Each structure stands twice: as C-alpha cells, then as structure tokens.
Amino acid sequence: MASTHSFYQLTPIKIGCQARGIDLSKDVSDEVIAQIKSDVTKHRIVVFKDQHDVSPDRHVEISKWFGELESSAFYKHPKSPSLDIFRVSNDETEGCTNVGRTGWHIDGTFFQKPYSYSVYHMVHVPKRGDTVFAPLNEIIMGLPKDQRNKWERLWMVSDRRGNIIHPLIYSHPETGEKTLCVHMGMTDAFMWDKGTPKERMTDWKETAELLKEINHEFIKDNKAIQYSHKWEVGDFIISDNLAVGHEAAEESQIPRKEVGLRVLHRITVAGKEIPTKKYEVPSV
C-alpha cells in the first residue's frame, strides 16, 4: 500500500520504500528535508526514483543534510567529481573495482564512530549489478535466545586501525533498536566478554567459525532476509548505514563488455556515536 504525504509518495519495498514525486536536483524546504530524514530513520532505505538531474555537487549537498561528511578512508579515483564522492565501477579506468565484495558489512567499522548514513547515486547503470541489503535488527531478533545471548558477549576487532573494538550487538543511536556492528571482510578477531574477568581474544580458527556463523544468518533460507536492489537509471538511495548491512552482488564486477558500464557514486556521513549497549546485558 502506498503512503503519501504532501511532499512525495512512498511505496513499500522489501526493505524500505520507494519515493516518487520529488525532484532532488531542485532546492527543497527545511520541512521537506526534515521529512526525508524522518523517513530514512523510519524505513532505513529510501529509493528516490527518477532523479536524473542530481549533479555531483547536489549529491554532496543532499548528503550534508544528514551531518558532516567522512571521506578520509577511501581512494580518490581520478574520475571522481568530488573528494567526498567514492566512485566505484566494473572498469578500473572509470572507478574503483571490487568494492563491497568482501562480504556482508556496514561501512566504517574501523572508525570509533562508524558511518551513520550512505547516499548512493548510480550514474551509469549496467544490465546486471545489484546492491544487496539486509535488515540488522531482524537478524538479531530472529536468533534463538541462546545464540542471541552468545552474540551479546562478542565484540568485533577491526583489522584496519589499532584499538578499534565494537560490540557486535548494540543500540542504534537514533531508534534504540538492537543492531549489528559487522564487517565480514575487516574483522581481525573477536573479543569475548569485554571488560570482565572472562575477557579473551579469539584465535584465527575461532574467528573464522564465528564469521561463518554470522554470515549464515544473512544467507540462510535461500537468502530470504535479503533485498537485492536492481538499479534503474535515476535511482538515488539514502540508507541508514547502521540499520542495514549490505554487499555488492558478485555480478557487479562482470566486465563492462558483457553488461555495460557500472559507475556508482557513494557519499558517507560521519558517525555520531561510539557503538554502545544502552540496555542491560544478560549475565553469563
């Protein structure tokens, strides 16, 4: 069922909503900006359709509605139109390749405050090359009680920067719902029971076993929990990076000569809080 307010029309999709009836290339009022921010928080993903005229500068401007931008961690491709835009592609002469292919993740787990939002604009759409999303709270709430309690004891150790350790399960800073700090390709180890006498670090074998267990929750039941977004010309996505995990589909790297050019512009908004459990954790 479609949902309509005075600014644009929202239609539910598997995770989030599609939005039609607004042109983001044009100036909008503070009231509209506030509604967009509210809708992203509520729905986690909003796919604005038919945004054919959003320039790189406007992409940057829209992203700043959500906070300070953070672009220090990614490579600046020569063809990127802005230092704040991460340009990815299936052609290394056009953008960075193999991005998002290290497994399920949120972006920025190697920061003390992981990115809060990701803002995507597909500027060249290939025949195939989805971005796949998964709702993190649903994954947690779908766990058996014993397994959920087990995950509550885990902290992920990032492999990119020293001393960055985040709880695997924590409270989303905006909604308060439980969410995951996860990166299948950038986890060096896990820590059990951080801050207690039982605190210990996993070895490589146990780390691999835990990553496999976590990954299973994203792919089980024939990937039932996933939403695979098939890009169309004009798609502009604003996503809550802390509420949905994602990865680029394998087909996103099919050569240009087979599926056409794929160029995606992504901007990341700096995190606002260190991941924290704002609830009582079951005793172990």
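The values are calculated or read from the model by the stated rules, or taken from the named source; none is laboratory data. No experiment lies behind these values; they were computed from the predicted model shown. Quick reminder, even Gly has a Cβ in these numbers, built from the backbone with ideal geometry, and neighbours come from all protein chains shown. Only protein heavy atoms, including side chains, enter the accessible area calculation; ligands, DNA and RNA are left aside. Shrake-Rupley method; radii C 1.70, N 1.55, O 1.52, S 1.80 Å.
Filtering region 84-96 down to residues that are part of a loop (DSSP other than H, G, I, E, B) and out of contact with any Ser or Thr (no Cβ under 6 Å at 6 or more places or on another chain), which residue is least open to solvent (accessible area, probe 1.4 Å)? The residue in question is ILE85. For region 16-43, the set of residues classified as under 16 Å from PRO135 (Cβ atoms) and outside any helix (DSSP H, G or I) consists of GLY16, CYS17, listed by residue number. Only residues that are free of Cβ contacts under 8 Å to residues at least 40 places away in the same chain, farther than 25 Å from ASP240 by Cβ and open to solvent by less than 40 Å² (accessible area, probe 1.4 Å) were counted across region 188-205, and they come to 4. Taken together, ARG87, ARG20, ARG58 contain a single residue that is at pLDDT below 95 and closer than 23 Å to HIS229 by Cβ, which is ARG87. Restricting to region 63-72, and then to whatever is over 18 Å from GLU273 (Cβ atoms) and not in a helix (DSSP H, G or I), can you tell me which residue is least open to solvent (accessible area, probe 1.4 Å)? The selected residue is SER71.
Let's see how each residue does on (1) more than 29 Å from LYS212 (Cβ to Cβ); (2) in contact with a helix residue (DSSP H, G or I) (Cβ under 7 Å, 6 or more places away or on another chain):
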{"position": "ARG44", "(1), (2)": "no, no"}
{"position": "LYS49", "(1), (2)": "yes, no"}
{"position": "ASP57", "(1), (2)": "yes, no"}
{"position": "TRP65", "(1), (2)": "yes, yes"}
{"position": "LYS79", "(1), (2)": "yes, no"}
{"position": "PHE86", "(1), (2)": "no, no"}
{"position": "THR97", "(1), (2)": "no, yes"}
{"position": "HIS105", "(1), (2)": "no, no"}
{"position": "THR109", "(1), (2)": "no, no"}
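When GLY103, GLY176, GLY185, GLY108 are checked against the criterion of being of a type in the set (Gly, Ala, Ser), under 30 Å from VAL60 (Cα atoms) and buried (at least 22 other Cβ atoms within 10 Å of the Cβ), a single residue qualifies: GLY108.
Every condition in (1) more than 14 Å from the chain's Cα centre (by Cα); (2) within 19 Å of GLY185 (Cα to Cα); (3) surrounded by fewer than 16 Cβ atoms within 10 Å (Cβ to Cβ) is met by PRO81 except one, and the failing one is (2). Only one of the numbered conditions (1) closer than 23 Å to GLU217 by Cα; (2) open to solvent by less than 40 Å² (accessible area, probe 1.4 Å) is not met by ILE267, and that is (1). Among the residues of region 97-104, is any of a type in the set (Gly, Ala, Ser) and touching a Gly at 6+ places or on another chain (Cβ under 8 Å)? Looking for residues that are of a type in the set (Gly, Ala, Ser) and touching a Gly at 6+ places or on another chain (Cβ under 8 Å), one finds at least one in region 97-104, hence yes. Taking the conditions (1) under 21 Å from ARG262 (Cα atoms); (2) open to solvent by 20 Å² or more (accessible area, probe 1.4 Å); (3) out of contact with any strand residue (DSSP E or B) (no Cβ under 7 Å at 6 or more places or on another chain) in turn, GLY129 satisfies each one other than (2). Kindly provide the set of residues from region 1-54 that are under 18 Å from ASN241 (Cα atoms), touching a residue at least 60 places away in the same chain (Cβ under 8 Å) and open to solvent by less than 50 Å² (accessible area, probe 1.4 Å), ordered by number. Of everything in region 1-54, those that are under 18 Å from ASN241 (Cα atoms), touching a residue at least 60 places away in the same chain (Cβ under 8 Å) and open to solvent by less than 50 Å² (accessible area, probe 1.4 Å) turn out to be ILE13, ILE15, GLY16, ILE36, VAL40, THR41, ARG44, ILE45, VAL46, VAL47, PHE48.
Within region 206-246, the residues that satisfy the criterion of being open to solvent by 20 Å² or more (accessible area, probe 1.4 Å) and of a type in the set (Gly, Ala, Ser) are ALA208, ALA224, SER228.
Yes or no: GLU273 in a loop (DSSP other than H, G, I, E, B) and buried (at least 16 other Cβ atoms within 10 Å of the Cβ)?
Details: in a loop (DSSP other than H, G, I, E, B): yes; buried (at least 16 other Cβ atoms within 10 Å of the Cβ): yes.
Yes.
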